[in-house]
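Asker: Let me give you the structure first, and then I'll get to my questions.
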Amino acid sequence: MLADNIVHFSRILRDTGMAVGPDRVLAAIAAVEAVGLDRREDVRAALSAVMLERHEQQTIFDAAFDAFFRDPKLLEQMMYLLLPKVQGRGEKHQPPRANRLAEALAPPAPKREPRPENEAKTDEIQFETEFSFSERERLAQADFESMTTAEYEQAKKLAERAPLPVQPLRRRRHEAAPRGSLDLRRTLQGMARQPHTLTPAFTHARTERPPLVVLLDISGSMDRYSRLFLHYAHGLARRHLKVHTFVFGTRLTNITRCLRHRDPDVALKMADELVHDWKGGTRIATSLDEFNRRWARRVLGGNAAVLLVTDGLERDESGALSRSAAQLHRMAHEVVWLNPLLRFEGFQPRAEGIRALLAHVDRFLPVHNLASLADLAQALQRPALNPSHLLH
């Protein structure tokens, strides 16, 4: 009975987005057997110690634990706890992942009967109609960390089509064009071939999109954001060939070729097989240093911009992170730091890693929802403001 309850509880946690596999279930059973069932808080502490990957998951775990182990009649009690309540002054807001917990605890939707072939498919049309502008706007503003599973899947598709963050640059070389500046040389060459015909030729400056380099943190604290940002990077790679994507946790991995596959699911599956440090620790200084040594000279030519996507939560007692970031800043045309922590009002750069990086980036922007991805294109067109003023 104990094992069955823990297995059921692990399924609920997994439905909220936590990575709770069979190994964690076995560890949870062993942990509860070790502490016993006499005290509820001992059971909570034992399960929390083996099932959670990071501190941010504690809120959703506590809510699920309280709902699950309050009464054997699980679903009825849980759905009662999740009914909307009017919040009074002084009450705490709902946990950021409460909607995912509600979705995980909800009873499965009834299976729909197959429709006869000759019946009109009205419900698909109705679904598209119901997904109104207000729904899109709400989804665009929703934090990736608080989205339900269905919203997250929809956000992946929308991220693939987000606007490109780079604008074409004018080059010195010119090319033939139907209008523009008069190309005297080609005009005279045409007259030499056909002396009785004057056909003016025109030219304009060649434009091309500058290279873009993505350095994406895939450590445990960034998991929800990095997974969706990979879909954004895949969309960039499909529409802009000069995109190089690297991911890093405890090591640096080049996944550029993986993201060139047309199908996003296949592309990310290939990346999964190539990368071995998903949702682990993070070594930002070591990863940036490896990029500077092995890859910077190959991919940072032609006014390349760097999108550094990380929360910057790393110690820098030896100054290694500051030195690596400074070298990256010297080699790149522009370093744009995208940090999901900027979604919090009153953000202060108190962590050592954040302070070390801030001194060596050109822009410091949030990346926590679809709106921030869409705004990235416009934000990069505005004059850069040195974010180092946040350090004072």
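Asker: Being surrounded by fewer than 16 Cβ atoms within 10 Å (Cβ to Cβ), under 29 Å from Gly281 (Cβ atoms) and at pLDDT below 75 narrows it down to one residue among Pro96, Pro84; which is it?
Answerer: One residue alone meets the criteria, Pro96.
Asker: Evaluate the stretch 289-296: report whether one residue or more is over 23 Å from Leu321 (Cα atoms), touching a helix residue (DSSP H, G or I) at 6+ places or on another chain (Cβ under 7 Å) and either open to solvent by less than 70 Å² (accessible area, probe 1.4 Å) or of a type in the set (Phe, Trp, Tyr) (or both).
Answerer: Taking every residue of the stretch 289-296 in turn, none turns out to be over 23 Å from Leu321 (Cα atoms), touching a helix residue (DSSP H, G or I) at 6+ places or on another chain (Cβ under 7 Å) and either open to solvent by less than 70 Å² (accessible area, probe 1.4 Å) or of a type in the set (Phe, Trp, Tyr) (or both).
Asker: Next question. Being among the polar types (S, T, N, Q), open to solvent by less than 20 Å² (accessible area, probe 1.4 Å) and touching a Pro at 6+ places or on another chain (Cβ under 8 Å) narrows it down to one residue among Thr187, Thr256; which is it?
Answerer: Thr187
Asker: Continuing with the same structure: Does Val247 meet the test of being more than 23 Å from Ala140 (Cα to Cα), buried (at least 22 other Cβ atoms within 10 Å of the Cβ) and within 36 Å of the chain's Cα centre (by Cα)?
Answerer: Numbers: more than 23 Å from Ala140 (Cα to Cα): yes; buried (at least 22 other Cβ atoms within 10 Å of the Cβ): yes; within 36 Å of the chain's Cα centre (by Cα): yes.
It is true that Val247 is more than 23 Å from Ala140 (Cα to Cα), buried (at least 22 other Cβ atoms within 10 Å of the Cβ) and within 36 Å of the chain's Cα centre (by Cα).
Yes/no matrix, rows are residues, columns are (1) among the aromatic types (Phe, Trp, Tyr); (2) more than 25 Å from Leu236 (Cβ to Cβ); (3) in a helix (DSSP H, G or I):
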position: Lys156; (1), (2), (3): no, no, yes
position: Pro165; (1), (2), (3): no, no, no
position: Ala176; (1), (2), (3): no, yes, no
position: Leu188; (1), (2), (3): no, yes, yes
position: Leu198; (1), (2), (3): no, yes, no
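Asker: Another question, if that's okay. Among the listed residues Arg224, Arg238, identify the single one that is open to solvent by 10 Å² or more (accessible area, probe 1.4 Å) and under 12 Å from the mean Cα position of the chain (by Cα).
Answerer: Arg224
Asker: Next question. Take the conditions modelled with pLDDT under 85 and either within 15 Å of Asp4 (Cα to Cα) or open to solvent by 30 Å² or more (accessible area, probe 1.4 Å) (or both) and apply them to Leu75. Does it pass?
Answerer: So Leu75 passes the test.
Asker: Yes or no: the stretch 341-350 includes at least one residue that is of a type in the set (Lys, Arg) and within 28 Å of Ala155 (Cβ to Cβ). Before you say what the answer is, go through the steps one by one.
Answerer: Here is the first cut: in the stretch 341-350, the ones of a type in the set (Lys, Arg) are 343, 350.
Next cut, within 28 Å of Ala155 (Cβ to Cβ) only: 343.
Yes, because at least one residue in the stretch 341-350 is of a type in the set (Lys, Arg) and within 28 Å of Ala155 (Cβ to Cβ).
Asker: Can you name every residue in the stretch 1-51 that is crowded, with 18+ Cβ neighbours inside 10 Å, of a type outside the set (D, E, K, R), modelled with pLDDT under 85 and under 27 Å from the mean Cα position of the chain (by Cα)?
Answerer: Within the stretch 1-51, Ser10, Ile12, Leu13, Thr16, Gly17, Met18, Val20 qualify.
Asker: Among the listed residues Arg193, Arg209, identify the single one that is charged (D, E, K, R), open to solvent by 10 Å² or more (accessible area, probe 1.4 Å) and under 20 Å from Val336 (Cβ atoms).
Answerer: On the way: Arg193 fails: under 20 Å from Val336 (Cβ atoms).
The match here is Arg209.
Asker: Give the number of residues within the stretch 352-384 that are within 18 Å of Arg323 (Cα to Cα) and part of a helix (DSSP H, G or I).
Answerer: Number of matching residues: 7.
The values are calculated or read from the model by the stated rules, or taken from the named source; none is laboratory data. Just so it is clear, the model here is predicted, and its values are computed rather than measured. Don't worry about glycine lacking a Cβ; one is built from the backbone with ideal geometry, like all the others, and counts go over all protein chains shown. We work out accessible area using only protein heavy atoms, side chains counted, and drop any ligands, DNA or RNA first. Shrake-Rupley method; radii C 1.70, N 1.55, O 1.52, S 1.80 Å.
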